[in-house]
Every structure is written in C-alpha cells, then in structure tokens.
Amino acid sequence: MKTWRIIGDDFTAELTIDEFDTVAAADHPLHHLVGMVWDSARGYCIAAGWHGDRYPSHIRGKSGLKRRGWTDKQITRYLPEPDGTEPNPHHEFGKPMGLYCIRQVEALEQQWAIGNRDSSAERMSA
C-alpha cells in the first residue's frame with residue numbers, strides 16, 4: 001500500500017493505493033475516487049489543479065523521530081513501543097528498525113507541542 005497526500009486550495013486529503021494500483025481509500029472530498037485506477041485518479045487531480053506527493057505511512061526508526069525534533073525522553077514517554085518493525089537496512093543482522101505511524105506521531109506533536117514546529121517558530125520570532 002502507498003499513501004499520497006493531495007493538496008487543494010482549501011483541503012488536504014490522503015489517498016491509499018493498493019497493490020493493484022487502485023485507490024483503496026480516500027479522505028473527503030476525494031472519496032469518489034475509491035475504486036478508480038491510480039493513473040486515472042492522478043490525472044483527475046492534476047486536471048483539477050491539485051498537487052500531491054507520496055506520503056509515508058510510517059516514520060522509520062528513532063532517528064526519523066529525532067529529525068522531526070523529538071528527544072529520547074519524549075520518545076520513551078509517548079511512543080515506548082513502535083507500531084511495527086522492518087529489517088534493519090544498515091546492518092544485515094542488526095536489531096529490526098521500529099516503524100512509527102505518521103498519523104499518531106503528528107497527533108502527538110500537535111497535542112504536546114513536540115518537534116521542529118516549535119523551534120522553527122521561535123527562530124522566526126527571534
């Protein structure tokens with residue numbers, strides 16, 4: 001499954017594309033694209049003037065969280081266990097890499113003011 005974030009003038013929606021390159025799920029207002037072949041759905045979005053990009057469904061590893069501005073203490077407190085794992089791409093026999101659900105991470109960042117958004121806002125106001 002792949003997830004794409006589509007950005008319009010007044011909305012942001014996510015499309016989930018299955019292994020058959022068909023739109024399996026879509027946020028409002030694009031729910032009518034469910035069942036459409038991805039190439040056709042993409043063409044529809046482009047014709048409407050919307051743009052999009054591949055949107056990861058998971059953040060890979062604690063290093064991915066730290067790049068977003070998370071500290072070790074915040075990871076331990078709010079995300080003590082990853083949502084899943086995948087083989088370590090850096091070390092063949094290394095510990096599996098944790099996967100953290102992007103939606104959960106973003107919700108926690110907003111709820112608890114975690115991450116780069118606060119530090120960048122402070123830099124801009126300084």
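Nothing in this text is a laboratory measurement; each read-out follows from the coordinates by a stated rule. Everything numeric here is computed off the predicted structure, so don't read it as measured data. Backbone-built Cβ (ideal geometry, glycine too); neighbour counts: all protein chains shown.
Taking interchain pairs and intrachain pairs at least six residues apart, which have beta carbon atoms under 9 angstrom, with the first residue in region 62-91 and touching a residue at least 40 places away in the same chain (Cβ under 8 Å) and under 12 Å from residue 109 (Cα atoms) and the second surrounded by 15 or more Cβ atoms within 10 Å (Cβ to Cβ) and basic (Lys, Arg)? As it stands, the answer is 70/62, since those pairs meet every condition given.
Answer yes if at least one residue in region 12-22 is touching a residue at least 24 places away in the same chain (Cβ under 8 Å) and buried (at least 16 other Cβ atoms within 10 Å of the Cβ), and no otherwise. Taking every residue of region 12-22 in turn, at least one turns out to be touching a residue at least 24 places away in the same chain (Cβ under 8 Å) and buried (at least 16 other Cβ atoms within 10 Å of the Cβ).
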